[in-house]
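Worksheet: the structure to be examined is printed underneath.
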Amino acid sequence: MKRILFFIGDATTGWKMHSENLNRLSISTLKLFHEDKISDSPLNEEVKKISELIRGDGELNKKARLFYTYNLARNCYKSYSFRIRLLMILFGKYRIKGITSFKIVLRHMIKNNFFLAIIIIFFSLIRFPKLRAISLLTPKTDLIESFENLIEKIDPSVIVLFSSGSDNFSFIFEYIEKPLHRKYVLIINNWDNISSKSFISNRFDLVCLWNKEQIFFAQKYNRIAADKLVVVGSITADKAYLRYGNSYKGALPRKKNLLFIGQQNAYDELSEILKINAFIRTNNCYYNNLTYRPHPISNQQNRRLLINSTKLENIEIDDSSDIDLRYYDGIITLPTTFLLEVILSKRPFIVYSPYSSVYRMSPNTMWNYNHFDRLKKMKICNIAYNFNDLIPGLTTGFNSPQKINMDEFYNIFPFFTSNYYKRITSCIEKL
């Protein structure tokens, strides 16, 4: 019986996987070890403990971040997304617009080892070998030894990593010894990971992807052989098709309610929401009410909601993990993965992509990321680049989406009839 060991790479991935219950990973021909099965074996409790230590280890995170900086600089000519991420690492989320923002950027540079990052970037530009860069960062610690000892205790034939591709685990997997009998599997956890923030080690024997388009990005940016790549889809898509797919029942009336969908990255969404709300309440508009759906893991937006609660009295906040888009008569969405569900829901919508001179990761910056390119070519999204572009839709109602070419859409948001976990375990069984 194959022994399979699972690790969760970062907090974002963990939030998604734990909310969907990893215990659904179950198949009689495989012996599974992961941190959601602690009641089954003391080894699973050890997996949970060491995983949490690795995800939270500050020193390891610094080294992983420097190695990620090396990869970004080495590949920044390939992708606009990589260049933006490199700027974020060096200078932080704010642009310099005055003395206050200059101080914030300076604090970021000091805190995040700016000059060491510059040295790493120099090494990458002169094509300093990757293995030498890893050895220079020397991550060997008692924690890494505990990690290696755990692997030896379990002695898995396959190790599976759920990851964004830029976390502490991704760094460790580049470093630790890999026996010939052991296989590594990487499961990419989001739409934009491959094109904007993932660097996949050649040590992985199989890479499970969200969609067919990611095959192109994996080969272009990471030079991964085609026979190592397989599309398994996502839990996100499975749930969306179950709700809005063939059994779609149309809108559920809610008195002309408008939904605003936020993004994970730092941006002043609150000002936009207050401006929209003021407009629909002081003008003769199609919409009567505004609901705000902050990104579930955007801590900055959640803090702002608490601070500005009195200003939001007339705005409904829907932060549920199971929001149903059919209840809304119009949707304004910032560029985010949730846009795919919005399209599938067939509700009237517009993509809001304003530029910000303050925030580096403004919606306009995100809309220029490479993973949106195919969606743009499909020409099913209306775009608003500033508040004035929103006014016609707020006044008379946003347009319903154009008819979707589902064959093209499946390349971005694939549909499967089988269970997500069964698709994963089926791939592992074949190794």
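Counting charges near K153 (Lys, Arg +1; Asp, Glu -1) among other residues having Cβ under 11 Å from its Cβ returns a value of -3. Extension gain for R83-L431 works out to 121.7 nm (0.36 nm per residue, less the C-alpha to C-alpha distance). Over all other residues within a Cβ to Cβ distance under 13 Å of Q214, the charged ones net out to +2, with Lys and Arg as +1 and Asp and Glu as -1. Each distinct pair of alpha carbons in the chain adds a 1/r term; the inverse of their mean, the Kirkwood radius, is 23.2 Å. An ellipsoid equivalent to the range 243-412, defined through the eigenvalues of its Cα gyration tensor, has semi-axes of 23, 20, 16 Å when rounded to whole angstrom and sorted largest first.
Computed per residue of the chain from DSSP H runs no shorter than four, each worth -39500 (n - 2.57), the mean residue ellipticity at 222 nm is -13500 deg cm²/dmol. Bridgeable aspartates and glutamates around K346 (alpha carbons under 18 Å apart, same-chain partners fewer than 8 residues away excluded): D238, D322, D324, D329, D407, E408. Taking 15 Å as the cut-off, the amide N atoms of the range 162-182 that come nearer than this to a point 7 Å along the Cα-to-beta-carbon line of L43 belong to 182.
Taking each residue as 0.36 nm, the span from K97 to F415 lengthens on full extension beyond its C-alpha to C-alpha distance by 110.0 nm.
For the range 51-108, averaging the sequence separation of C-alpha pairs within contact (under 8 Å, six or more residues apart) and dividing by the residue count gives a relative contact order of 19 percent.
The residues neighbouring L334, those whose beta-carbon lies less than 9 Å from its own, together hold a net charge of -2 under the Lys/Arg +1, Asp/Glu -1 convention.
A short reminder: the numbers here are calculations on the coordinates, not readings from a lab. If you're wondering where the values come from, they're calculated on a predicted model, not measured in any experiment. Neighbour counts are summed over all protein chains in view; Cβ atoms, including those assigned to glycine, are modelled from backbone coordinates with ideal geometry.
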